[in-house]
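Colleague: Here's a structure for you.
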């Protein structure tokens, strides 16, 4: 069991959580207005009537028809460039400053949503994986028993990373087989190496090679 494996898994879990928080923060900062109008607003067919200025400072005015049939001119919230005469599906929240939201193009929403899902769920997977590793290392450090195990099978995953099956006899005199991963040394079949193991209440075996 590498001395830093438990520490590294804890750091990995923290960074994974930070990635998830960052993904949610980006959604709240840059996408909250779109989400709010989409779910809380009413949809209308609208048309851009005037565009003043350019870039992020442009003022866009649009017109839509209310339920009572009256034409309403409203300042438009735009997340992308707008041009006069452009027709769009807009969303209005009653009493929300009388503004109408012009939804961004579908590909921008897809890219934004895809980026969010990649970062958030990537962080979630990393959090689960690192949390499990950290819990495993904690069990082994506090409740584990050390012994020597013989390498019976070796699978080289990549350079200096070997997945190996080892066999040993536990403290109850029962033969055990486990898979461990060497990352700091090159194992040899038939050789014995120190391992630490722990059996939980359900009899499940947790085992790790001790590499200094």
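Colleague: Return the residues of region 200-209 that are in contact with a helix residue (DSSP H, G or I) (Cβ under 9 Å, 6 or more places away or on another chain) and either part of a strand (DSSP E or B) or not assigned by TED's automatic domain parsing to the domain that holds residue 166 (or both); say none if nothing qualifies. Let's see the steps before the verdict.
Modeller: Of all residues in region 200-209, those in contact with a helix residue (DSSP H, G or I) (Cβ under 9 Å, 6 or more places away or on another chain) come to 200, 206-208.
Within region 200-209, 206, 207, 208 qualify.
Colleague: Condition (residue is in contact with a helix residue (DSSP H, G or I) (Cβ under 8 Å, 6 or more places away or on another chain), without any contact (Cβ under 8 Å) to a residue 40 or more places away in the chain and part of a helix (DSSP H, G or I)) applied to region 35-44: is it met by at least one residue?
Modeller: Looking only at region 35-44, we keep the residues that are in contact with a helix residue (DSSP H, G or I) (Cβ under 8 Å, 6 or more places away or on another chain), and these are 35.
Filter once more, so that each one left must be without any contact (Cβ under 8 Å) to a residue 40 or more places away in the chain: 35.
Cutting the leftovers down to part of a helix (DSSP H, G or I) gives us 35.
Within region 35-44, one or more residues are in contact with a helix residue (DSSP H, G or I) (Cβ under 8 Å, 6 or more places away or on another chain), without any contact (Cβ under 8 Å) to a residue 40 or more places away in the chain and part of a helix (DSSP H, G or I).
Colleague: If I ask for residues that are in a strand (DSSP E or B) and more than 14 Å from residue 99 (Cα to Cα), which ones from region 50-68 would you list? It would help to see each step written out before you state the result.
Modeller: Quick first cut of region 50-68, residues in a strand (DSSP E or B) only: 50-52, 59-65.
Within region 50-68, 50, 51, 52 qualify.
Colleague: From the list 147, 152, 177, 181, which one is exposed (fewer than 13 other Cβ atoms within 10 Å of the Cβ) and assigned to a strand (DSSP E or B)? Step through it out loud before you land on a result.
Modeller: Values: 147 fails: exposed (fewer than 13 other Cβ atoms within 10 Å of the Cβ); 177 fails: exposed (fewer than 13 other Cβ atoms within 10 Å of the Cβ); 181 fails: exposed (fewer than 13 other Cβ atoms within 10 Å of the Cβ).
Of 147, 152, 177, 181, the one residue that is exposed (fewer than 13 other Cβ atoms within 10 Å of the Cβ) and assigned to a strand (DSSP E or B) is 152.
Residues are listed down the side, and each one gets a yes or a no for (1) at positive phi; (2) in contact with a helix residue (DSSP H, G or I) (Cβ under 6 Å, 6 or more places away or on another chain); (3) in the same structural domain as residue 15 (by TED's automatic domain parsing); (4) in contact (Cβ under 8 Å) with a residue 40 or more places away in the chain:
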{"residue": "112", "(1), (2), (3), (4)": "no, no, yes, yes"}
{"residue": "116", "(1), (2), (3), (4)": "no, yes, yes, yes"}
{"residue": "126", "(1), (2), (3), (4)": "no, yes, no, yes"}
{"residue": "148", "(1), (2), (3), (4)": "no, no, no, yes"}
{"residue": "168", "(1), (2), (3), (4)": "no, no, no, no"}
{"residue": "176", "(1), (2), (3), (4)": "no, no, no, no"}
{"residue": "180", "(1), (2), (3), (4)": "no, no, no, no"}
{"residue": "191", "(1), (2), (3), (4)": "no, no, no, yes"}
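Conditions tested, residue by residue: (1) surrounded by 15 or more Cβ atoms within 10 Å (Cβ to Cβ); (2) touching a strand residue (DSSP E or B) at 6+ places or on another chain (Cβ under 9 Å); (3) assigned to a strand (DSSP E or B).
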site: 91; (1), (2), (3): yes, yes, yes
site: 95; (1), (2), (3): no, no, no
site: 107; (1), (2), (3): no, no, no
site: 111; (1), (2), (3): no, no, no
site: 116; (1), (2), (3): yes, no, no
site: 126; (1), (2), (3): yes, no, no
site: 129; (1), (2), (3): no, no, no
site: 133; (1), (2), (3): yes, no, no
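Colleague: Could we say that residue 77 is surrounded by 12 or more Cβ atoms within 10 Å (Cβ to Cβ) and in contact with a helix residue (DSSP H, G or I) (Cβ under 6 Å, 6 or more places away or on another chain) here?
Modeller: Numbers: surrounded by 12 or more Cβ atoms within 10 Å (Cβ to Cβ): yes; in contact with a helix residue (DSSP H, G or I) (Cβ under 6 Å, 6 or more places away or on another chain): no.
No; evaluated as a whole, the condition is false for this residue.
Colleague: List the number of the failed condition for residue 130; all other conditions in (1) more than 19 Å from residue 40 (Cβ to Cβ); (2) assigned by TED's automatic domain parsing to the domain that holds residue 20; (3) under 26 Å from the mean Cα position of the chain (by Cα) hold.
Modeller: (2)
The values are calculated or read from the model by the stated rules, or taken from the named source; none is laboratory data. These figures come from a predicted structure and were not determined experimentally. Cβ sites come from the backbone with ideal geometry, for glycine too, and all protein chains shown count toward neighbours.
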